[in-house]
Amino acid sequence: MAILEILKLPDSRLKEIAEEVTSFDDELHRFIDDLEETRLDGPAAVGIAATQVGRLQRIVIIDCSNTRKPVPNHGRLVLVNPEITEWDGFELGREGCLSVPDYTGNVIRAEKIKVKAMDPAGLASEYEMEGFEARALQHEVDHLDGILFVDRLVSRRTDLFQRKVYRKGGAQKT
Ligand code: NI
């Protein structure tokens, strides 16, 4: 396994539209293992998309089972060719992103969604998600369409926040 390099804004590959996965082979499974190891590196992220490591294929991992405040969730999900089929409600919430390390932002997302996706073996499933997990999935599917959370801010002036900078050897990152 290997930790992969995370692309950061303004890398133009983050703006590309990812392609559907068509072969569910060992090479795909090795890549998914690396993507998961990369997600868990440092402070674990709740989600990661293949686009963020420069592989332009429709693969995301989310895991909302370890948030500070418990939220409804399905545990760790590796979703291949995920597709949001229904949206319900709107909610404003704070997001961060491994590809935009210095900022967080307030983004409007659907409160509840239905998602169709395949697992790494190519088997199709459907999920109903709400709240923070629904937000995480919408954020990751956006990556597959070349969209970052900073593209969805209503106002950069009021909805974008610089992360606190800590001195070397100082407190943990948020
Ligand atoms: Ni992100």
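What follows draws every value from the coordinates through simple rules; no lab data is involved. Remember, predicted model here, so these are calculated numbers, not experimental data. Cβ sites come from the backbone with ideal geometry, for glycine too, and all protein chains shown count toward neighbours.
From the list Ile17, Ile3, exactly one residue is within 16 Å of the ligand (Cβ to nearest atom) and either hydrophobic (A, V, I, L, M, F, W, C) or crowded, with 19+ Cβ neighbours inside 10 Å (or both). Which is it?
Ile17
With the requirement that a residue be assigned to a strand (DSSP E or B), within 11 Å of the ligand (Cβ to nearest atom) and either farther than 22 Å from Ile147 by Cβ or of a type outside the set (A, V, I, L, M) (or both), what does the range 30-66 give you?
Listed by number, the list holds a single entry, Gly47.
Just checking: which of the strands (runs of 3 or more DSSP E) contained wholly in the range 75-174 hold 3 or more residues that are under 19 Å from Lys8 (Cβ atoms) and not aliphatic (A, V, I, L, M)? Show your work before the answer.
Details: elements: 76-88, 91-95, 103-109, 112-118, 124-130, 160-162.
Per the criteria, 103-109.
Consider only pairs whose beta carbons are under 7 Å apart and that are at least six residues apart or on different chains; among these, list those whose first residue lies in the range 131-149 and is farther than 15 Å from Asp88 by Cβ and whose second residue is of a type in the set (S, T, N, Q).
Going by the 7 Å Cβ cut-off, the qualifying pairs are Phe132/Thr67; His143/Thr51; His143/Gln52; Leu144/Thr51; Leu148/Ser99.
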